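Read-outs throughout are calculated quantities, based only on the coordinates presented, and are distinct from any laboratory measurement. A quick note: this is a predicted structure, and the numbers were derived from the prediction, not measured. Virtual Cβ from ideal backbone geometry, glycine too; neighbours counted across all protein chains shown.
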Amino acid sequence: MKVLVIGAGAREHAIITWLLADESVSSVVAAPGNAGIAAIVETVPVDVTDAEAIGALAVSLEAGLVVIGPEVPLVAGAADAVRARGIACFGPSAEAAQLEGSKAFAKQVMAEAGVPTAMARVCTTIGDVASALDQFGAPHVVKDDGLAAGKGVVVTSSRDEALAHASECLAKGGGARVVIEEYLDGPEVSLFAITDGTTVLPLQPAQDFKRVGDGDAGPNTGGMGAYSPLPWAPADLVADVTARVLQPVVDAMARRGTPFVGLLYAGLAMTSRGVRVIEFNARFGDPETQVVLENLRSPLGTVLLAAAEGRLAQVGPLQWEPGFAVTVVIAAEGYPASPRTGGIISGLEAAAEVVGVDVFHAGTTVADDGIAASGGRVLSVTARGESLVQARERAYAAVDLIRLEGSHHRRDIAAKASQA
C-alpha cells in the first residue's frame, strides 16, 4: 500500500516513521514534508489549504490511503476531495471537522450526546462577552470560535486581558464569535481515538505542556512537550471516557448524517467534579502524537486503512509496548510571538544515537550549510524508556546535544509525574 501523508510537522514525521514500520505499507510520500521527513521518504509540494489540489495529488501518486495530519486541510474539505476520487482517506469530512473548526458547534454536539463539559456562552459582541465574564467569574476562559493553531484560548484572572482577547477575536469579522466558558480545575489529559464513524478504538492517554516556560509560565503555544501514558491516571480513565465521551460523540455525529471518520481527540480536565471535556480536535495532536505512537505495537497503516474503509471492528483492541515516552520541543528564538528562522541546527546525529531516542522534525528545511530552522517549533526530541524517569533522562540527554542559536525548551516536561 502506498500512503500519502499531508503535513509538514513533527506529528507527520512521527506518523510516517510508524507507517514505515508496518509491513503492509510499501511506500510513503509526504506533502509538503520537512527536512527530517525528506531524509526518509519522498516529499512533494502541495498547498495544504487547497482541498482539490490534495485530491488531485492523491490520484497522480496512485495512493491507496491518504492520511491528513493538520486541521486546516480537514476543515477546508481535503478528506471530501480525496474520497470523491475513490481513494481511502483517514480524516473527517469538512462538516465533521467542525468539531474542531467551531467550538460553538462542538458544544452543540456535546449537548446532544450528553457529554460532560464546561458551561459556556457563545458571544458575537463585546457586550455579550462582558456579561458572560461576569456570569462565570474569574479565572476567565475566552476561546476563539475558529481555528487558531492551538493559541486561540486565553485563561486569565484579569478581566481586561479577557476582554482584550475577545475583542481581537471578534475583530476578524465575517461572523466571528468567541466562546466564554466556566473555568475547569484539575490536570488536563489528551485522549485520542481512532474511529470509522461507528467503532471507536482509544489510544493511550497523554499530557502536554502548552505554556512556553517552566512551571507553566508565559503564553500558550502549540505545545512544548508531552508524555504518555499517565502513571497517575485512574485505571478506568480510558474505558470511562470512551463510554461517556468518545462513543456518544461518534454516535451523535452519525445521527446527524455527518459520520466522523479519522482521529477524534478529546482534551479533558480531571476536575474535582469528575472528567469534563475542554475541547475536541479532529486530528492527531502535536506533540502528543509523538509520545503516543512511540508505544504503539499495532501496525499503524493497517489500523488507519481499516478506519478509512469502515471495518475498524475487525481490528480489535490496540496493542501497546510496556513503558513510557517523553517528548521535549526545541523552539526557535522568539517563539511563540515572533520566531527567528534560518538558524543552522547541529548535533542532530548525536542526539539520534542516544538509546531509545527519535528526533522528529517540525519547522526545518534544507539549507546550503545544513539543516535550518524554518518555524517556531523546530524539533520534538522523543524518547522511550522502561520507566518515566528513564524516558525523561534519555530525552533530555538528546536535547542537550542539539545546538540552535537562541533556541529554548522547557526543562520540566514530565518532571512532576516522574517524581510521583
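Worth pointing out:
- Gain on full stretching of the segment that runs from Gln108 to Arg403 - 0.36 nm per residue minus C-alpha separation: 101.6 nm
- Here's how it looks for Gly33: its modeled amide H is under 5 Å from those of Gly7, Ala8, which are all 5 or more places away or on a different chain.
- q = 0.14 Å⁻¹, the chain: log10 I(q)/I(0) [Debye, one scatterer per Cα]: -1.37
- Added length on full extension, which subtracts the Cα-Cα distance from 0.36 nm per residue, Glu349 to Asp134: 72.0 nm
- Where Cα atoms sit under 18 Å apart: lysine pairs in the chain separated by 8 or more or lying on different chains: 10
- 222 nm mean residue ellipticity, helices alone, for the chain (DSSP H n ≥ 4; -39,500 (n - 2.57); rounded to 500): -8000 deg cm²/dmol
- Inter-probe distance in nm under a simple model that places probes 7 Å from Cα toward Cβ, at Asp50 and Thr125: 4.2
- Scattering profile of region 59-198 at q = 0.08, 0.20, 0.22 Å⁻¹ [log10 I(q)/I(0), Debye over alpha-carbon scatterers]: -0.28, -1.20, -1.35
- Mean separation of Cα contacts under 8 Å, 6 or more apart, over the residue count of region 186-314: relative contact order %: 33
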